[in-house]
1. Please verify whether residue 281 is among the charged types (D, E, K, R), within 16 Å of the ligand (Cβ to nearest atom) and in the same structural domain as residue 199 (by TED's automatic domain parsing), treating the condition exactly as stated.
2. Every residue in the range 42-59 that is assigned to a helix (DSSP H, G or I) and crowded, with 24+ Cβ neighbours inside 10 Å, please.
3. Any residue at all in the range 340-361 that's closer than 27 Å to residue 210 by Cβ, among the hydroxyl-bearing types (Ser, Thr, Tyr) and surrounded by fewer than 16 Cβ atoms within 10 Å (Cβ to Cβ)?
4. Sort through 312, 263 and tell me the only one that's outside any helix (DSSP H, G or I) and either surrounded by fewer than 15 Cβ atoms within 10 Å (Cβ to Cβ) or modelled with pLDDT of 95 or more (or both).
5. Among the residues of the range 262-275, is any closer than 27 Å to residue 137 by Cβ, in contact with a helix residue (DSSP H, G or I) (Cβ under 9 Å, 6 or more places away or on another chain) and touching a residue at least 60 places away in the same chain (Cβ under 8 Å)?
6. Name the one entry in 236, 164 that is more than 27 Å from residue 142 (Cα to Cα) and touching a residue at least 40 places away in the same chain (Cβ under 8 Å).
7. From the list 29, 62, 24, which one is under 28 Å from residue 190 (Cα atoms), more than 20 Å from the chain's Cα centre (by Cα), assigned by TED's automatic domain parsing to the domain that holds residue 322 and surrounded by 21 or more Cβ atoms within 10 Å (Cβ to Cβ)?
8. Restricting the range 266-299 to residues that are surrounded by fewer than 19 Cβ atoms within 10 Å (Cβ to Cβ), among the small types (Gly, Ala, Ser) and closer than 22 Å to residue 215 by Cβ, which is farthest from the chain's Cα centre (by Cα)?
Amino acid sequence: MASGPDNIHQSLSQGKGQIMQKIGILTGGGDCPGLNAVIRAVVRKAINENFSVVGFKNGWMGVTEGTGAALDMNSVSGILPKGGTILGTSRTNPVKAPDGLEKIKRTFDKFELHALIAIGGEDTLGVARKLHDAGLNVVGVPKTIDNDLQGTDFTFGFDTAVNIATMAIDRLHTTAEAHNRVMVVEVMGRHAGWIAVYAGLAGGADCILIPEEPFDIDQVCELLKKRHSRGKNFSIVVVAEGAKLAEQEGGLVVQNLKKDAFGHARLGGIGNMLGEEIERRTGFETRVTVLGHVQRGGTPTAFDRVLASRFGVAAVELVVRGEFGKMVSLQGNKILAVSLDEAVKEIKTVDKELFSIAQVFFG
Ligand code: F6P
């Protein structure tokens with residue numbers, strides 16, 4: 001998986017004693033807890049390595065428009081525990097516009113950028129890969145609560161989202177039990193069920209539905225009836241927003257058919273649909289909670305702060321070593337690097353082994 005002997009914490013040979021070069025940085029796509037921790041780490045490490053840093057506002061929009069500002073020690077002071085991103089973000093896709101690439105090249109010239117560090121998920125890093133192919137010095141940092149990027153065991157932000165969802169499930173448990181209800185919890189994750197499986201396992205869900213395993217509503221109802229027939233009078237069902245009904249029932253449920261700049265429809269709605277059907281088919285009183293953007297907000301967990309800081313430091317090390325077209329990655333407990341090609345080739349979906357462990361606790 002890793003390209004070459006890639007422990008990127010080897011001794012650094014460049015950067016010191018040279019003319020100060022500039023590194024650009026941007027945060028793109030949906031925000032995610034830990035973004036500020038990466039920005040802070042990049043700035044601190046870059047300054048240690050004798051680079052200066054330019055931050056671009058609102059993802060690729062700022063790079064395309066050439067609106068950047070210097071980031072120094074003061075700019076990143078106190079931001080480690082803060083959610084969101086001090087740089088702002090957007091789902092702008094610069095390579096959709098015919099002159100997008102040219103504009104980015106002009107920004108590289110205008111700011112005399114030696115390299116650009118792009119912090120993002122599959123869309124943002126897909127653009128980064130195209131820029132690398134076009135000859136620009138780019139390095140990627142894997143960000144997304146969805147944990148669906150290849151080449152890294154975890155993306156930062158995922159752990160925080162899982163903790164928020166787990167806490168919600170714990171709380172839903174007590175009220176479900178008090179009222180003898182079925183609680184359906186819809187979580188994010190787009191086309192991967194990582195948040196659903198981890199939060200469902202951690203929260204003791206009685207059924208978890210993920211995009212990787214299309215489901216049949218009757219089978220879900222049978223499972224709940226069986227559980228209730230053995231004396232349990234409440235249940236928790238965790239459903240990923242991208243979970244799909246098996247062929248005979250329909251397909252993906254979307255909130256909005258309108259696509260974003262990267263071609264994604266807005267997912268959501270499966271929880272409400274499922275809740276109504278469970279109540280109708282089983283007669284069990286059912287309530288639905290859609291966690292939504294709560295999963296992306298607020299302070300990152302300690303795990304995400306540490307991972308984000310390690311990623312930020314490692315991204316600068318890649319720049320110093322001239323290893324472009326790569327994304328920093330967590331493999332086991334090591335921070336390594338993989339090619340951007342590998343990272344964005346296809347999404348990383350939940351592995352069957354993990355899901356089969358979650359299934360042991362169904363019903
Ligand atoms: O990719 C992160 C994510 O939160 C997905 O889980 C979700 O489908 C999507 O972003 C929501 O995007 P937006 O913030 O644009 O509504």
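The values are calculated or read from the model by the stated rules, or taken from the named source; none is laboratory data. Bear in mind that the values here come from a model prediction, so they are computed numbers and not experimental data. Cβ placement follows ideal geometry from the backbone for every residue including glycine, while neighbour counts extend to all protein chains displayed.
1. Taking the combined requirement at face value, the residue does not satisfy it.
2. The initial filter retains those residues of the range 42-59 that are assigned to a helix (DSSP H, G or I), namely 42-48.
Within the range 42-59, 42, 43, 46 qualify.
3. Step one: list which residues in the range 340-361 are closer than 27 Å to residue 210 by Cβ, which gives 340-361.
Among the residues that remain, those that are also among the hydroxyl-bearing types (Ser, Thr, Tyr) are: 349, 356.
Retained after the next criterion (residues that are surrounded by fewer than 16 Cβ atoms within 10 Å (Cβ to Cβ)): 356.
Yes, the range 340-361 contains at least one residue that is closer than 27 Å to residue 210 by Cβ, among the hydroxyl-bearing types (Ser, Thr, Tyr) and surrounded by fewer than 16 Cβ atoms within 10 Å (Cβ to Cβ).
4. 263
5. Checking the range 262-275: at least one residue is closer than 27 Å to residue 137 by Cβ, in contact with a helix residue (DSSP H, G or I) (Cβ under 9 Å, 6 or more places away or on another chain) and touching a residue at least 60 places away in the same chain (Cβ under 8 Å).
6. Numbers: 164 fails: more than 27 Å from residue 142 (Cα to Cα).
Unique residue meeting the criteria: 236.
7. Details: 29 fails: more than 20 Å from the chain's Cα centre (by Cα); 24 fails: under 28 Å from residue 190 (Cα atoms).
From the options 29, 62, 24, the qualifying one is 62.
8. That would be 283.
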